[in-house]
1. Of the conditions (1) surrounded by 13 or more Cβ atoms within 10 Å (Cβ to Cβ); (2) within 14 Å of ligand 1 (Cβ to nearest atom); (3) of a type in the set (G, A, S); (4) under 23 Å from A115 (Cβ atoms), A140 fails just one. Which one is it?
2. Just for the range 192-207: of the residues that are within 16 Å of ligand 1 (Cβ to nearest atom) and more than 17 Å from the chain's Cα centre (by Cα), which one is least open to solvent (accessible area, probe 1.4 Å)?
3. When you look at G163, is it within 21 Å of the chain's Cα centre (by Cα), open to solvent by 60 Å² or more (accessible area, probe 1.4 Å), over 23 Å from G11 (Cβ atoms) and not polar (S, T, N, Q), yes or no?
4. Of all residues in the range 8-56, which are within 12 Å of ligand 1 (Cβ to nearest atom) and of a type in the set (K, R)?
5. I need the strands (runs of 3 or more DSSP E) fully contained in the range 135-229, keeping only those with at least 3 residues that are in the same structural domain as A73 (by TED's automatic domain parsing), within 16 Å of ligand 2 (Cβ to nearest atom) and over 30 Å from S111 (Cα atoms).
6. Run L213 past the list (1) surrounded by 14 or more Cβ atoms within 10 Å (Cβ to Cβ); (2) farther than 17 Å from L75 by Cβ; (3) of a type in the set (A, V, I, L, M, F, W, C) and report the number of the one that doesn't hold.
7. Scan the range 17-35 and give yes if some residue there is charged (D, E, K, R), modelled with pLDDT of 95 or more and open to solvent by 20 Å² or more (accessible area, probe 1.4 Å), otherwise no.
8. Listed residues A14, A10; which is within 17 Å of N110 (Cα to Cα), in contact (Cβ under 8 Å) with a residue 12 or more places away in the chain, within 13 Å of ligand 2 (Cβ to nearest atom) and open to solvent by less than 60 Å² (accessible area, probe 1.4 Å)?
Amino acid sequence: MSTIVILTGAGISAESGIETFRAETGLWAQHRVEDVATPEGFAKDPKLVVDFYNARRATAAAAQPNAAHRALARLEAEHDGEVLVVTQNVDDLHERGGSQNLIHMHGALNSALCAACDHRWPAPMTMAVGDACPSCGAAAARPDIVWFGEMPYQMDRIFETLGRCDVFAAIGTSGNVYPAAGFVAEAARAGAETVEINLERSAVGSQFDSARLGPATQTVTAWVDEILS
Ligand code: NAD
Ligand code: APR
């Protein structure tokens, strides 16, 4: 009964039409991280940030899960051990592709967070600055997104699972951002077999036992077929 942990990044949603962050034309080429992905940016211009995530929510809602998302859901359904997907992505394509054992370590576009009382609720398609929290009533709604400088979610559960996993795969992530980029080292310390699935080797590519290079819709599907065969 082997335990498989899979880290995903923006690359797994690229073939669904959602742009990645650090590609030539990616999100960070169009917007300054400091303006739209930090608490300071939100304090300085909350409307700019809320509009940025409204646009990303609309893009994600119009996108469809691709064969890679569906392959991971099939792996979870058919593998005889635990399969945990830890995604850095804030879109809901893993859920819509059928994954259930899933952690959004950077938050989710479909969730709203109250900056006053930490209450969470399903985000409206279009959030507005000053939306009231349904729990405490404060006009303190913010996107439920982990910004640079904030703590990612469910790190205890992630590290507990990494500490006992048999297989670790990183799919479609550039390995530029910690703590996610450090997960391969944690899995290797636990004795797991580690595989990188990407178009090219990432910034931490040398830390993996093996790599499968190519579009995720092809490489992830082939990898899952092999595990389940
Ligand atoms: P980090 O260690 O990846 O970045 C270090 C610093 O680099 C940050 O303060 C960041 O503001 C700065 N930075 C400036 N331009 C950058 C760029 N183009 N790419 C990356 N970093 C840039 O960030 P951190 O402080 O450790 O982040 C904490 C957590 O928040 C991380 O898990 C991160 O991935 C997450 N996060 C999520 C989103 C999102 O949109 N979901 C955006 C940013 C950060
Ligand atoms: N198939 C497989 N991999 C792909 C594909 C594809 N079709 N298209 C792109 N990739 C790979 C790229 O080679 C790159 O390594 O996806 C990765 C995308 O990297 P980034 O744009 O840096 O996205 P990500 O690694 O998810 O960023 C991590 O940084 O800004 C923060 O919080 C934000 O969650 C994000 C985190």
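1. A140 satisfies every listed condition except (2).
2. Among those residues, the one meeting the criterion is V204.
3. The answer is no for G163.
4. R22, R32, R56 - these are the residues of the range 8-56 that are within 12 Å of ligand 1 (Cβ to nearest atom) and of a type in the set (K, R).
5. Because the criterion is at least 3 residues that are in the same structural domain as A73 (by TED's automatic domain parsing), within 16 Å of ligand 2 (Cβ to nearest atom) and over 30 Å from S111 (Cα atoms), the strands (runs of 3 or more DSSP E) in the range 135-229 that meet it are 210-213.
6. Of (1) surrounded by 14 or more Cβ atoms within 10 Å (Cβ to Cβ); (2) farther than 17 Å from L75 by Cβ; (3) of a type in the set (A, V, I, L, M, F, W, C), only one is false for L213: (1).
7. No: the range 17-35 contains no residue that is charged (D, E, K, R), modelled with pLDDT of 95 or more and open to solvent by 20 Å² or more (accessible area, probe 1.4 Å).
8. Values: A14 fails: within 17 Å of N110 (Cα to Cα).
Exactly one of A14, A10 is within 17 Å of N110 (Cα to Cα), in contact (Cβ under 8 Å) with a residue 12 or more places away in the chain, within 13 Å of ligand 2 (Cβ to nearest atom) and open to solvent by less than 60 Å² (accessible area, probe 1.4 Å), namely A10.
The values are calculated or read from the model by the stated rules, or taken from the named source; none is laboratory data. The model shown is predicted, which means the values in this text are computed figures rather than measured ones. So basically every Cβ, Gly included, is an ideal-geometry build from the backbone, and we count neighbours across all protein chains shown. These area figures cover heavy atoms from the full protein model, side chains too; ligands, DNA and RNA do not enter into them. Shrake-Rupley method; radii C 1.70, N 1.55, O 1.52, S 1.80 Å.
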